[in-house]
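Reading through the structure tokens given below for one structure.
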Amino acid sequence: MILKNLYESDELLTMRYLNTRMELSDQEKFQYLNLEKGFEGEKKFDQMAELLKEERFIINSLLLKVNNSHFQLDKLIISQGGIHLLDIKNFQGDFYIKDNKFIAMKTDREWKNPFDQLKRSTILFRQLLQNLKLNYLVEPLVIFINPEFTLYQAPMDLPAIFPTQVNGFLKNINNTPSRLNDGHKKLAQQLLSLHQTKNPHTILPEYTYEQQQKGMYCCFCNSFHLSKSYNELVCGKCGGREKIELAILRNVKEFQLLFPERKVTTQSIYEWCNGELSRRTFIRVLKKHLTVFGSTSDTYYK
Ligand SMILES: [Zn+2]
């Protein structure tokens, strides 16, 4: 049973929006594409894991905090026998480990060592269980999901599941009977209640409102060439259609995430969308889906 779904992190969404509306530096673009790729990998793993039977709790994208240290868990599977902490990696290409460094062969670029990251999360997670006075077996694993990934000189005792082993790993879990009790349920509830929404260690590019290209863009191909047709926006590039109402809400969400300090008003959203629809349309949609605050002359929405 999935208790917390997989979804895009604020970091990924912010980078995705910025990438559409401004020019990112090479380094920022690299960061952005890696986030997209990581998310793709997690989705792929979820598709493969859909067949998991028996009673298990699955919690995705958990951000926890212990003694002021934040740590992220991609996927946590609670079974009768214990807890799997899974870090899903979508690395592609040939890599090797040298002096505890994780290096891509083609570019010689050093990547964050996923095993170091997992080790840290595991220590903090065990600490958390101890603080909660809970005693469960914890098995941490890095899952390499991309079939085009190879790790040379990998020690045999690495807590890793390589692409050719993922199916076997899932089969193995499936073949282990699991019955959950109230203790497992309580554990899951406690973990969910401890989930943090903001990771203070997230590093985002600096950006301003002025830098952003205003306007509405296609939700399929990101093209700004849209035209109105009845209650839909039609993309001039890919032909994709989106309901105007949904498009406006998507833009509001984007505006709120990028500029939490700015108020959502008819005027601010009208400007953000570059006046591509009438003020009346914006007012109608904002009123319908958000709560109105302030006086008539100073109305804003949340
Ligand atoms: Zn399009």
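Residue pairs whose Cβ atoms lie under 7 Å apart, separated by 6 or more positions or on different chains, with the first residue in the stretch 241-258 and at positive phi and the second in a strand (DSSP E or B), do not occur. Of all residues in the stretch 93-105, at least one satisfies being over 20 Å from Arg56 (Cβ atoms) and of a type in the set (Asp, Glu). The selection criterion, being open to solvent by 50 Å² or more (accessible area, probe 1.4 Å) and either modelled with pLDDT under 95 or away from the ligand (no atom under 13 Å from the Cβ) (or both), holds for Ile203.
A quick yes/no check of all residues on (1) of a type in the set (Phe, Trp, Tyr); (2) surrounded by fewer than 12 Cβ atoms within 10 Å (Cβ to Cβ):
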site: Asn175; (1), (2): no, yes
site: Leu192; (1), (2): no, no
site: Tyr207; (1), (2): yes, no
site: Ala247; (1), (2): no, no
site: Arg250; (1), (2): no, no
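Quick check on my filter: what residues within the stretch 269-302 are of a type in the set (Gly, Ala, Ser) and open to solvent by 50 Å² or more (accessible area, probe 1.4 Å)? Correct list: Ser278, Gly294, Ser295, Ser297. When the stretch 212-247 is limited to residues that are among the basic types (Lys, Arg) and either away from the ligand (no atom under 12 Å from the Cβ) or more than 26 Å from the chain's Cα centre (by Cα) (or both), the one that is farthest from Arg279 (Cα to Cα) turns out to be Lys237.
Here is the figure for the stretch 36-59: residues that are in contact (Cβ under 8 Å) with a residue 40 or more places away in the chain and touching an Asp or Glu at 6+ places or on another chain (Cβ under 7 Å) total 1. Residues that are open to solvent by 10 Å² or more (accessible area, probe 1.4 Å) and within 19 Å of the chain's Cα centre (by Cα) within the stretch 74-89 comprise Asp74, Asp87, Lys89, listed in sequence order. Only a single item in (1) in a loop (DSSP other than H, G, I, E, B); (2) exposed (fewer than 14 other Cβ atoms within 10 Å of the Cβ) is not met by Gln47, and it is number (1). For beta carbons closer than 9 Å, sequence separation of 6+ or different chains, a first residue in the stretch 219-230 that is more than 12 Å from Lys243 (Cβ to Cβ) and a second that is among the aliphatic types (A, V, I, L, M) and more than 8 Å from the ligand (Cβ to nearest atom), the qualifying pairs are Phe224/Met216; Leu226/Met216; Leu226/Leu233; Leu226/Val234; Leu226/Ala247; Ser227/Leu233; Ser227/Val234. Scanning the stretch 231-245 for residues that are among the small types (Gly, Ala, Ser) and open to solvent by less than 30 Å² (accessible area, probe 1.4 Å) gives a single hit, Gly240.
Scanning the stretch 90-129 for residues that are over 20 Å from the mean Cα position of the chain (by Cα), part of a strand (DSSP E or B) and not β-branched (Val, Ile, Thr) returns Gly93, Asp94, Phe95, Tyr96, Lys98, Lys101, Phe102, Ala104, Glu110. Just wondering, is there one or more residues in the stretch 90-112 that are in contact with a strand residue (DSSP E or B) (Cβ under 6 Å, 6 or more places away or on another chain), without any contact (Cβ under 8 Å) to a residue 60 or more places away in the chain, open to solvent by less than 90 Å² (accessible area, probe 1.4 Å) and under 15 Å from Phe71 (Cβ atoms)? Looking for residues that are in contact with a strand residue (DSSP E or B) (Cβ under 6 Å, 6 or more places away or on another chain), without any contact (Cβ under 8 Å) to a residue 60 or more places away in the chain, open to solvent by less than 90 Å² (accessible area, probe 1.4 Å) and under 15 Å from Phe71 (Cβ atoms), one finds none in the stretch 90-112, hence no. Could we say that Arg280 is within 16 Å of the ligand (Cβ to nearest atom) and outside any loop (DSSP other than H, G, I, E, B) here? Here the answer is no, as Arg280 does not meet what is asked. Of the numbered criteria (1) touching an Asp or Glu at 6+ places or on another chain (Cβ under 6 Å); (2) at pLDDT below 95; (3) more than 30 Å from Gln80 (Cα to Cα), the one Met216 fails is (2). Given the criteria closer than 17 Å to Leu64 by Cα and loosely packed, with under 15 Cβ neighbours inside 10 Å, does Thr197 qualify? Yes; evaluated as a whole, the condition is true for this residue. Anything in the stretch 177-190 that is open to solvent by 70 Å² or more (accessible area, probe 1.4 Å) and either in a loop (DSSP other than H, G, I, E, B) or in contact with an Asp or Glu (Cβ under 8 Å, 6 or more places away or on another chain) (or both)? List them, or say none. Once the filter is applied, which keeps residues that are open to solvent by 70 Å² or more (accessible area, probe 1.4 Å) and either in a loop (DSSP other than H, G, I, E, B) or in contact with an Asp or Glu (Cβ under 8 Å, 6 or more places away or on another chain) (or both), the stretch 177-190 yields Pro177, Arg179, Asn181. May I ask you to verify whether Leu6 is at pLDDT 95 or above, among the aliphatic types (A, V, I, L, M) and surrounded by 15 or more Cβ atoms within 10 Å (Cβ to Cβ)? So Leu6 fails the test.
The values are calculated or read from the model by the stated rules, or taken from the named source; none is laboratory data. Since we're looking at a predicted model, the values are computed, not measured. Glycine gets a Cβ as well: all are built from the backbone with ideal geometry, and neighbour counts include every protein chain shown. We work out accessible area using only protein heavy atoms, side chains counted, and drop any ligands, DNA or RNA first. Shrake-Rupley method; radii C 1.70, N 1.55, O 1.52, S 1.80 Å.
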